[in-house]
Amino acid sequence: MSSASESPRDAARRLSAGAIRGGFKPQALHTYTDETGAALYWRIRAKHPESGEKWIRPMKLNGAGFVIGEPAFEGGKPLYRLHELAARPDAEVIVTEGEQKADRLAKLGLTVMTSGSASSADAADWKPLAGRRVIVWPDNDQAGQEYADAVTAALMPLGCTVQRIDVQALGLGPKEDAADWLDRNPGATAADVLALPVVQAAPGIEVQNNTEGPMPLPAELLPVDPFPLEALPDTFAPWVQDVTDRMRCPPDYVAVPMLVAAASLVARHVGIRPQARSDWTERGNLWAMLVGRPGQMKSPAMAQALGPIERLEALAASAFNDEVANFEGAALVAKVRADAAMSAAKAALKKDSAADVSALLAAPDELAEPVRKRFVVNDATYEKLGAILSENPGGVLSVRDELRGLFKALEDDQNAAARAFFLQAWSGGSYTFDRIGRGTVTVADARLSMLGNIQPGPLCELVRMARRGAADDGLLQRFLVVWPDPPTEWVEVDRWPDTPSKRTAWKAFERLDLLTPEALQAEQETDAEGQPKGLPFLRFADDAREAFSEWHADLQRTLRATDAEGLEAALSKFRHHVPALALALHVIDGGTGPVNLKATLRALTLADYFESHARRLHGSGRRIVVQAARLILAKAKAGELPDPFTARDVYRREWTGLADAKATAEPLDMLAAYGWLAEATLDTGGRPTTVYRLTEGARRG
């Protein structure tokens, strides 16, 4: 419990106690202030010395004491070190990515600000820097460049002169930053920093050295986090790394399918209740889609990852075939015996019509027809999938090499029932099929796991359809999205697989298949007669629940601050994903009883990874706009548009993605904003007409 006399630093220690017990080491407590220097809120920072994982949480006062959370700010969040501006009205301002780098540069006497992490620029209030000369010091990676782009885009409308430190000229290595430069230049002064080489900055582009002309168009996709291999179960990580190295594919395409497949086995036996006293239950099934262009090794990588569960499917099929053969033999023997008993009864009655033949005609014990145990389903109608689930109530994994066909089929109004089934099968619970000629089939608790591939183009179109209101029921948002950047280099690798690590991973699947709720020390509710009912479940250990609860509170705040409906719906599903991941990670590595802190922190690391990919997906609408802008620009330069031209001149040609006025408006606006097109409004005596022509810089370029 906090007290009125508790200091911010003591409160930070209290609130981060769970993380510290998990091995994290405190690094800093950053104080965000208003322009007068009054504290507004704090940010706690800790890092795990072995895994490198970061634990960063905001802290505020809520009237009763210090709690995890960030206050709401009208007009955007304040900049870090904001109070220093008033005393230095004419000073140049350096903007860094992150508070630690800002603090180190400020020790040299510089005026330094930051909005926080790489994704924080859009939510910050940059107005206090209006009219200032600003130098942005980006980290030397893609996320750093994206942050610098976002800061520049926010500052330029405020009349700021914006330059960017030329990190390439500093000789910084990949992912290195201002702190690394300071480490190599321990005697550096403020004057040395201000003398570093700079380039003029423009939003959303690769910077150019003081050249005039149009600004290059923005990147088509938002940056994403690389897959955190340290978050994998210990039994999987070496094999995933080995497959990735040999196939030269992103580790995402191996790691995520393996996690989904293993989670489908865990979900057969147990669920998770994230809270200590409520009956909120999440099943352990997961859905994931792998996104990438052809040739990025999605299917071969997924095949490697699914090898262990495909083996279980093959063994189950072989066992089923043996059972069918034995059943058919036993059924034939039973028929012969029944025929013989009937003949004997008839003979007895022929001799004596009053003879008691009931013993001869007594029905034999009915033979139980074999039921095939299933692990993987590749291609089935939703009715057949329901029948399979009714015979395998723990659930199965549906693997589709191409998800586009599924989404396309489910768009048809005639398949509304199928769509409803899939929506239910993700959430779990009872589902009943009533069909004439087929009778009634009930799935006691639908626990369907799903995995598949899709290409970026069809996926972006699905996102656009959801935004237009078509198929906006959350089906797409139920998938964890895996959309890594393609490798930029190819190296031929020809070596034998790492057999010991493969054997370890495959044996883990065998163990997961044989699990029981009793072996997992799972809890289970009982009915009035004391009989078990419902899904057996685990709960979080106390320290794990504390970490999950902090994350869950942050999630709810994020959802309330998110305007994009598709993204909001996707992030809301993390309420299921994170407990399911924590459960799987705990059980895969042999955990029993309450889900431990190690598995929970790994699940939260994966949540950050998957969130960045969800943001890429639901921000991919700009991919189509940028592609369309590039097409218009190319056509204008090639002379395929009149000079000047109108929007109608563009869409009447029905080029890809530019078939109507609405689709044409955004890319034209983008080209004008980035200086490629000049626009003017002509008074024609009726409705004004906007015309466009290439700027001089565009013509030279």
I need the calculated FRET efficiency for the pair Ser358 and Ala276, taking r as the beta carbon distance and R₀ as 56 Å, to the nearest 0.05. 0.40
The chain, relative contact order [Cα under 8 Å, separation at least 6], %: 13
Taking the Cα-to-Cβ direction at Lys346 and at Asp34 and moving 7 Å from each Cα, how far apart do the two end points lie in nm? 10.2
Skipping prolines and chain starts, which residues have an amide H placed within reach, meaning under 5 Å, of the one on Val112, given they are 5 or more residues away or on another chain? Ile94
Estimated vicinal HN-Hα couplings, Hz - the stretch 165-175 in sequence order (Karplus 6.51, -1.76, 1.60; Gly, Pro = x): 4, 7, 5, 5, 5, 7, x, 6, x, x, 6
Of all C-alpha pairs within the stretch 98-211, those more than 20 angstrom apart amount in percent to 36
Loop sites in the stretch 244-309: chymotrypsin sites (Phe, Trp or Tyr not before Pro), DSSP, at most 14 other Cβ within 10 Å: Trp280
Entry for volume of the Cα convex hull per residue in Å³ (calculated from the structure that is shown) out of (i) 133; (ii) 236; (iii) 160: (ii)
Tell me which GluC sites (Glu not before Pro) from the stretch 573-669 have a DSSP coil assignment and no more than 12 other beta carbons within 10 Å of their own. Glu654
Highest to lowest packing among 569-582, 81-94, scored as the average C-beta count within 10 Å: 569-582, 81-94
Check: the stretch 621-700 dipole with +1 on Lys, Arg Cβ and -1 on Asp, Glu Cβ, in debye: 260
Would you mind ranking Asp177, Asp660 so that the residue whose beta carbon has the fewest other beta carbons within 10 Å leads the list? Asp660, Asp177
Ellipticity estimate at 222 nm from DSSP helix runs (n ≥ 4, -39,500 (n - 2.57)) divided over the chain, nearest 500: -13500 deg cm²/dmol
Cut-off 11 Å between beta-carbons: net charge of the residues surrounding Glu313, Lys and Arg +1, Asp and Glu -1: +2
Full extension from Asp542 to Arg88: what is 0.36 nm times the residue separation minus their Cα-Cα distance, to one decimal in nm? 158.6 nm
Which of Gly109, Ala519, Met670, positive extreme of dipole for the chain (C-beta unit charges): Met670
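Might you report the magnitude of the Cβ-based charge dipole of the chain about its Cα centre, with Lys and Arg at +1 and Asp and Glu at -1, to the nearest 20 debye? If you can, show how the numbers build up before the last one.
Numbers: 81 positive and 94 negative charges, 59 e Å.
Rounded to the nearest 20 debye, it is 280 debye.
Over the stretch 98-211, what is the percentage of antiparallel beta bridges among all DSSP beta bridges, to the nearest 5? Let's see the in-between values first.
Details: 4 of 8 bridges.
Beta bridges within the stretch 98-211, antiparallel portion: roughly 50 percent.
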With 30 Å as the limit, write out which pairs from Lys107/Lys175; Lys298/Lys573; Lys502/Lys598; Lys298/Lys533 have Cα-Cα distances beyond it, or answer none. Lys298/Lys533
Convert each backbone phi in the stretch 67-75 into a coupling constant with the Karplus relation 6.51 cos²θ - 1.76 cosθ + 1.60 (shift: θ = phi - 60°), then list the ³J(HN,Hα) values in order as whole Hz, x for Gly and Pro. 9, 5, x, 10, x, 8, 10, 6, x
Going toward the positive end of the dipole of the stretch 329-453, with +1 on Lys and Arg Cβ and -1 on Asp and Glu Cβ, which of Val371, Leu389, Ala444 do you reach last? Val371
Fewest to most Cβ atoms within 10 Å: Glu492, Glu53, Glu518, Glu220 sort as Glu492, Glu518, Glu220, Glu53
Considering the options Gly23, Thr33, Pro71, tell which one lies farthest towards the positive end of the dipole of the stretch 1-72, charges being +1 on Lys and Arg and -1 on Asp and Glu at the Cβ, about the Cα centre. Gly23
Please give me the summed charge of the neighbours of Ser430: other residues whose Cβ is under 12 Å from its Cβ, Lys and Arg +1, Asp and Glu -1. 0
Please work out the Cα center distance from the stretch 590-647 to the stretch 36-75, rounded to the nearest Å. 28
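Please order Ile165, Ile68, Ile20 by the number of other Cβ within 10 Å, starting at the fewest.
Working: Ile165 24, Ile68 20, Ile20 14.
Ordered from fewest to most neighbouring Cβ atoms within 10 Å, Ile165, Ile68, Ile20 come out as Ile20, Ile68, Ile165.
Each value in this text was obtained by applying a stated rule to the coordinates, not by laboratory testing. Only a predicted model underlies this, so the values are computations on that prediction, with no experimental measurement involved. When we count neighbours, we look across all protein chains shown, and the Cβ atoms used for this are built from the backbone with ideal geometry, even at glycine.
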